[in-house]
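Asks: Below is one structure. I have some questions about it.
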Amino acid sequence: MRKPNLNQLLCCILAFGVAFSGLRAAHAAADPFQRYVVIYNDLPITIYPALTAVESEQGAACGTSGVNRRIIVNAGTNGAGIPSGATVTVELPKTTHCWYSAVRVYLFTVDLTKFEARIFQNQRTVADHVTWNPPLCTTGSADACWSGTAVDQYPVDAPAQLFEYTVISIDPATGKQFPNPNNPNGLPLADIDLSYVDELYLPVASNVDDGGATAFMGTILPYDQFNMRTAAFLNLTVPPANKPIWSEFGAYTATNWPHNVFHDLGSPQTDHVVGKDIVGDVRIIPPNVLPPLSALYTPPYTGPKQCAAVPMCSNLAGDCCPTDNGTILACCGAPLPYLISNTTKTASLASLSPRLIRSGVGNSLVDNPSVDALVASWTDWVRGDPCANLSAITTWPSNNPTFSKQQFCSMFKDTVTYVWNSFKDSPNVRDPKTGQVTPGCISFTGAAKDRCTVDSIVAFKSNDKGLLNESVQALLRNVPYGTFHQTRWSFDKFILFWAPYDSPFNLFPYSRLVHNPVDGVNAPGAYSFSIDDKFGNFQSRGSGIVIDVGGYTHLLNQDPYNYYEQYRVSFGPGWDHATVCGLPFVIPMKLGNNSPVSFWSDGVPQSTCNIAIYQDAAETRYVKYQVGRGSKTVTDTYTGLTQTVTQLTYDPSYCAAHSTLKVVCSGSSLQPTFVPQPVPGNDDPDAGESYVSLPDNQKPLLTLTVPPAP
């Protein structure tokens, strides 16, 4: 879960009041700090949500242990889950701040009560029998939603999709976060993200409950299409050896599905794709540690049953594989339930000396061809030069004569070289609390060092906005990084995630699966890797969160989140307050003066947005604008290709007919202007760079800038 970037947020946290309908209206009117999560199920199957938060991450008011607090969510009655077409609203308890920070929402597809009975004891939820006032769920029986604790998180390969949120209170005078997330002197803020970083399992879309002011995060791809695209991705292979391009959790393969502990608990067999940890979780690093195993399935044994027919068991009598009581003895050599599919053991650890293990030879203990393919895609650039034969590369961002393939390729190789060299000798890290040392890539040689380097790159976590951060992001989006004095490929929105899965420029196929609308799951607002914040993280003012699983009809704003296409109105000094697209806006001169412009209101599309800006509290002096949304064709100078973009449109006659301060409409130095920057005045270094590859006269107009009050 990414913490809110307050510097980026100040421009808009005061942007709007809240316009709700039905039950949500009561929340806002009675107490804006009564936080809630609304979950709609548009899947054809029942879902079983569970909210999980670690005590030590919630502050002293919750507790300091590592215990997991949980809220188990059901519609109507205990154990029912949320059936297809049903809805549940969960009210977060205010008497304890245990479900506020970096909260994980697990969206299970199997009967959660039965599933928990089949997993380890320390992962099960133990009811705390607390009676909450108001009840956790707003409808149904008193015990439909209940709270409890667990020692450990659910298994990493559990049949659930992960969604995350944080809610806080912001001090309007300073823009800083109050220690108390329910401080009534502050403004309620919700931070949401669909975490496709570690795994991808279900289509999910989400809004902050703000009346429709902001676009949705996630994907609205239908359930059947979502599953077809993940299956097609997992069926891709890399020539000439036709190794799989990616792997999934082992419990979900067609072979292992009948042998997992949840196959009979309601969910049909679907794929569960592993995210960035495909390399790290194979655990060839360090080489003396075998890959993690899953506790959720037992691979089928296909060898002989009799002890005498198995060399390692031949000294025993009767049946060994399995025995009469169903146990398969270790001597049978049965396959291990590796967490990640396609993983195989190729040698015995005992056959290697400690020296060979430390040297990296121990990496031959385990093989995963999809990991091998991923590492090879990087080392082809590190130790070779694909740019030496441009004709051998069959796909490019553009074949237009104005596009320089040589420049693009050379800059890509330079970026790969810089990033690789930044990670290949990473140091060992000692945990100051436990003293345990995690080996860095400097500890390895050969293939183990390569795997360590790739794992370090794709799992890179950093809040730094410097060269290394931007370079890693660029490569994982299929483009080189360009500095301010070069072609800035990493800021060209038209070609991010452009490379086909088999392209040498695609060094992380998973990111295309997440973001691409053609052969991916079309989730432009979701995380595909750890520092994918530009696309995956969103924060806004609001008391509630709307989650639509498998659909979109319940979303308040059905436009997908697009970092590069955010419409805004910016206010000059001297104005008192405003109404933007039907939502009130208090203009804060110190913290920022931008409000989002939306063409949705509580799930209903709007053709225009009306903006009223008042100079006095009594609303006797005002100017009113009406903006719409139009499109135009532009030419991307980096690729020479034409593209369609959208922008704000403005009718001056509306302003003149509806304003008392007509001088601010047009025809004077006080007339409003349109600018292409999405967030004027924001200190985000990417602000204003959304259309860096377009000539100035073609950049779409995204912000209506209102002049100072006359």
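Every read-out reported here was derived from the displayed coordinates using simple, explicitly stated rules and does not represent laboratory data. Just so we're clear, the structure is a prediction, and the values are computed from it rather than from any experiment. Backbone-built Cβ (ideal geometry, glycine too); neighbour counts: all protein chains shown.
Asks: Could you order peptides 380-388, 32-40 by the average number of other Cβ atoms within 10 Å of their residues, highest first? Display every interim value, and only then the final one.
Replies: On the way: 380-388: 14.2, 32-40: 21.8.
Final packing ranking: 32-40, 380-388.
Asks: May I pose another question? For CYS452, CYS655, which order do you get if you count the other beta carbons within 10 Å of each Cβ and list the fewest first?
Replies: Details: CYS452 28, CYS655 21.
Ranking CYS452, CYS655 by Cβ neighbours within 10 Å, fewest first, gives CYS655, CYS452.
Asks: Looking at the square roots a ≥ b ≥ c of the eigenvalues of the Cα gyration tensor of segment 218-282, which shape do they give, rounded for a/c under 1.5, prolate if a/b is larger than b/c, or oblate?
Replies: Values: a/c = 1.69, a/b = 1.26, b/c = 1.35.
Judged from the Cα gyration tensor, segment 218-282 comes out oblate (a/c at least 1.5, b/c at or above a/b).
Asks: Tilt of helix 467-476 relative to the longest C-alpha principal axis of the chain, in degrees (0 to 90, nearest 10)?
Replies: Once rounded, one gets 70 degrees.
Asks: What is the extension gain from ASP431 to ALA102, computed as 0.36 nm multiplied by their sequence separation minus the C-alpha to C-alpha distance, in nm to one decimal? Show your work: numbers first, answer last.
Replies: On the way: separation 329, 0.36 × 329 = 118.44 nm, distance 2.28 nm.
Value of the extension gain: 116.2 nm.
Asks: By the scheme Lys and Arg +1, Asp and Glu -1, what is the net charge of all other residues having a beta-carbon under 14 Å from that of PHE115? Could the numbers behind the result be given before it?
Replies: Details: positive: ARG70, LYS114, ARG118, ARG124; negative: ASP111, GLU116, ASP157, ASP264.
Once positives and negatives cancel, what remains is 0.
Asks: Follow-up question, since we're still on this one. Using modelled backbone amide H atoms (1.01 Å from N, in-plane), which distant-in-sequence or interchain residues come within less than 5 Å of CYS137's amide H?
Replies: GLU91, CYS145
Asks: Looking at the square roots a ≥ b ≥ c of the eigenvalues of the Cα gyration tensor of the chain, which shape do they give, rounded for a/c under 1.5, prolate if a/b is larger than b/c, or oblate? Mind showing how you got there, number by number?
Replies: Values: a/c = 2.18, a/b = 1.39, b/c = 1.57.
Cα axes put the chain in the oblate bin.
Asks: Then there is this: Quick one: net charge around PRO710, please, counting Lys, Arg +1 and Asp, Glu -1 for every other residue with C-beta under 14 Å from its C-beta. Before the final figure, lay out the partial values.
Replies: Details: positive: ARG621, LYS662; negative: ASP576, ASP616.
Overall, the nearby charge balance is 0.
Asks: Okay, next question. For segment 107-124, just list the computed ³J(HN,Hα) in residue order, Karplus coefficients 6.51, -1.76 and 1.60, θ = phi - 60°, integers in Hz, with x standing in for Gly and Pro.
Replies: Values per residue, Gly and Pro as x: 9, 6, 10, 10, 4, 5, 4, 6, 5, 4, 5, 10, 10, 4, 4, 6, 9, 7 Hz.
Asks: Another one. Taking a 29 Å limit on the Cα-Cα distance, which of the listed pairs LYS276/LYS449; LYS176/LYS461; LYS465/LYS699; LYS413/LYS465; LYS243/LYS534 fall beyond it? Working shown, then result.
Replies: On the way: LYS276/LYS449 18 Å; LYS176/LYS461 24 Å; LYS465/LYS699 25 Å; LYS413/LYS465 21 Å; LYS243/LYS534 32 Å.
In this structure, LYS243/LYS534 lie more than 29 Å apart at Cα.
Asks: 222 nm [θ] for the chain, helices only, -39500 (n - 2.57) per DSSP H run of 4+, per residue, to 500?
Replies: -4500 deg cm²/dmol
Asks: Mind ranking 60-69, 192-201, 302-311 by how tightly packed they are, going by the mean number of other C-beta atoms within 10 angstrom, highest first? Mind dumping the intermediate values first?
Replies: Values: 60-69: 15.7, 192-201: 25.4, 302-311: 14.1.
The peptides rank, most packed first, as 192-201, 60-69, 302-311.
Asks: Residue-wise, which Karplus ³J(HN,Hα) couplings in Hz belong to segment 491-497, taking 6.51 cos²θ - 1.76 cosθ + 1.60, θ = phi - 60°, and x for glycine or proline?
Replies: 10, 7, 4, 6, 10, 5, 6
Asks: Running Debye on segment 536-614 with equal point scatterers at the Cα sites and no solvent, what base-10 log of I(q)/I(0) appears at q = 0.11, 0.17 Å⁻¹?
Replies: -0.34, -0.80
Asks: For TRP575, list long-range residues whose amide hydrogen, built 1.01 Å from N in the peptide plane, is under 5 Å from its own amide hydrogen.
Replies: ALA709
Asks: Here is a further query. In the neighborhood of HIS577, defined by Cβ-to-Cβ distances under 11 Å, what is the net charge if each Lys or Arg adds +1 and each Asp or Glu adds -1? Before the final figure, lay out each step's value.
Replies: On the way: positive: none; negative: ASP576, ASP616, GLU619.
Result for the neighbourhood of HIS577: -3.
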